[in-house]
């Protein structure tokens, strides 16, 4: 039976907790959490538009009085201030736990919140990268965009992959983000193998192995029991060797319609394997970069293809995994001008949008709050916090749109092995 909105409150009274809570990982120091500049901007926009919002860490929830330790920015004092607030009606996840200990703490706190409250989330959650690739590759509209992909299943699987892919491979964790813990494997004609990638803290790493067997064992030790994907080493770099990709920010407006906020190019340093900004990359105008690399005519075709593909991809993801407020999509263009879909992110950053233009940067921050306001207006006439999915997806969906995995969440954290022996 399709699920629509929760039951309306017959007396029509507004909810006392009609605020947007921004989930963060609280830490010692100033600022007290990551993305403070972005959240400060959200606070300013919300204040000007009459939307109440505050940041909080889920482990500060008090079950006795149903309150949390909420943070607000004080423009007069120019500092963050905290006070106890009622658990908000709507949650926007912008938490970035750094360590495995912090990730576990965040998961346990959210599990505790979910078990005792009926939560509504502004944005849904995508499953791991392998599941996203699987869903999209089954659709003929996207199969030409998806790189060949397989799960890493030990040294033998990687050896087979290298034989079939001209002695090279690109490995990335199924639940990773920001380019962390990726590694490329490239075998030279003399049999030596170069391993290049990034640590868990995004530091670059590079090492040369005398034999393929040595390289396979080093990769195996580093991966441990994490889940990884193998893909070809696509030639996604500019004329001087710098890696680059394209970030598309898709967001819902206050009428629940998908819009393309902007497209930006991200450029990495020569010799790097990623272009992520967190790994030291820079952003630039997508149109300028594509025109420089591929010419004006091919640039226009690529931008049109990216736009059409982006609308189709978010619609397909939403149909499969439930409703979203925003999704970041990453695309690559190889040296032959072929477009590739790289990955989707349900917690997209904002920094790259500055290079997509002032309007894109402004809208990137305003649109989630506009969409949140429309949800809070609906919640003002209901008497429950319950998301129909009960799993972090937002408030209108159908059974057919439920995640086939049951909750659309990535696999739990896995054992850590550092890349310090490569």
**Complete:** Simple SL model, points at 7 angstrom along Cα→Cβ for residue 62 and residue 168; separation in nm is 5.8
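Can you give the FRET efficiency to the nearest 0.05 for residue 288 and residue 37, using r as the Cβ-Cβ distance and R₀ = 22 Å?
Details: r = 25 Å, r/R0 = 1.15.
So, using R0 = 22 Å, E works out to roughly 0.30.
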**Request:** May I ask you to derive the FRET efficiency for residue 117 and residue 30 from their Cβ-Cβ distance with R0 = 25 Å, giving the value to the nearest 0.05?
**Result:** 0.25
**Message:** Test of understanding: what is the full-extension gain from residue 159 to residue 296, defined as 0.36 nm times their sequence separation minus their Cα-Cα distance?
**Reply:** 45.3 nm
**Item:** 18 Å cut-off, amide nitrogen to a point 7 angstrom out along residue 144 Cα→Cβ, residues in region 321-364
**Value:** 331-342
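Can you compute the equivalent ellipsoid semi-axes for region 150-231, i.e. the square root of 5 times each eigenvalue of the Cα gyration tensor, sorted largest first and rounded to whole Å?
Details: eigenvalues 72, 42, 23 Å².
Values for region 150-231, descending: 19, 14, 11 Å.
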**Complete:** Each label sits 7 Å from Cα toward the beta-carbon; between residue 217 and residue 358 the label points are separated, in nm, by 6.0
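Hey, fewest Cβ within 10 Å first, where do 45, 39, 22 land in order?
Values: 45 17, 39 24, 22 27.
Listed from fewest to most nearby Cβ atoms, that is 45, 39, 22.
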**Between region 116-137 and region 224-250, the alpha-carbon center distance in angstrom** = 22
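With 10 angstrom as the radius, rank 289, 273 by how many other C-beta atoms surround their C-beta, starting from the fewest.
Numbers: 289 21, 273 25.
In order of increasing Cβ crowding within 10 Å: 289, 273.
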**Message:** So if the hydrodynamic radius of region 29-80 is defined as the Kirkwood radius over C-alpha pairs, what does Stokes-Einstein give as its diffusion coefficient at 25 °C and 0.890 mPa s, in µm² per second?
**Reply:** 204
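Values in this text are rule-based calculations from the coordinates and carry no lab data. The structure displayed is predicted, hence computed values, not measured ones. Counting neighbours? That spans all protein chains shown, and the Cβs are built from the backbone with ideal geometry, glycine included.
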